[in-house]
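A quick write-up on the structure given underneath.
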Amino acid sequence: MPSDFGDESGEKLFDWMLRLGQEAGQAAMTHSAARVSMAFRNAVGEIGSEQSAITAGVEQAIEAPEWAKLNLHEFKDLPEFDTIKEIIGSKLEREALQHEFFDEGEKSYLIFRVDDAPEVARCFDELATETTRACKKAEQQLSKEKGRAAARDGETLDDPDKEPLQDRVEAFRKSAELAERAHGRSREVIDQARGR
């Protein structure tokens, strides 16, 4: 599965969404995925604005700060915040970016090196993209599972792939017979044209 996403963080995003989808329903999963994707994109903007403020401060200060702090307030309101932190941590570790999570009262922060801000922003941007991709894959997985469950329960579905096998075989047999007859007629026409 990691090969589907390129790394472990993508797999964790997929698992996170699948758990949400199974527990709360597909609509809740899609909504949560959109929120986490937006939180990743907003974090990229915050990292960028923090970086420009730090760069402006470097001209005025003799010593620039070595570490930056990103408030994770948008993520904290999402389901399974600890899993989201694992996803972020996994992605940053894969990129060999030093970081630490820090809780201060009710607030949570991601601490990282100021020099790594562009790479951290890139990682968050990639996580936003991976979130969208993982959501689509999880939706497909849930649809398949729903179809299997419906087939077990004897429900009929509009999807032709969910049609009973015997019915599909019969429809294929009829199609094959029609195709064979049409092919036989065309063979007769060709033979007549050639004078056989």
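The values are calculated or read from the model by the stated rules, or taken from the named source; none is laboratory data. All values derive from a computational prediction rather than experimental measurement. Note: ideal-geometry Cβ built from the backbone for every residue, glycine included; neighbour counts use all protein chains shown. Just so you know, the surface numbers come from the protein's heavy atoms only, side chains and all, with ligands and any DNA or RNA stripped out. Shrake-Rupley method; radii C 1.70, N 1.55, O 1.52, S 1.80 Å.
Being over 14 Å from Gly10 (Cβ atoms) and touching a helix residue (DSSP H, G or I) at 6+ places or on another chain (Cβ under 8 Å): is that true of His73 here?
no
Of all residues in segment 88-141, how many are free of Cβ contacts under 8 Å to residues at least 40 places away in the same chain, farther than 20 Å from Lys12 by Cβ and open to solvent by less than 20 Å² (accessible area, probe 1.4 Å)?
Result for segment 88-141: 0.
Does any residue of segment 58-75 turn out to be in contact with a strand residue (DSSP E or B) (Cβ under 6 Å, 6 or more places away or on another chain), in a loop (DSSP other than H, G, I, E, B) and modelled with pLDDT of 75 or more?
Yes, that holds for at least one residue.
Would you pick out the residues in segment 123-149 that are out of contact with any helix residue (DSSP H, G or I) (no Cβ under 8 Å at 6 or more places or on another chain) and basic (Lys, Arg)?
Hits for segment 123-149 are Lys136, Lys144, Lys146, Arg148.
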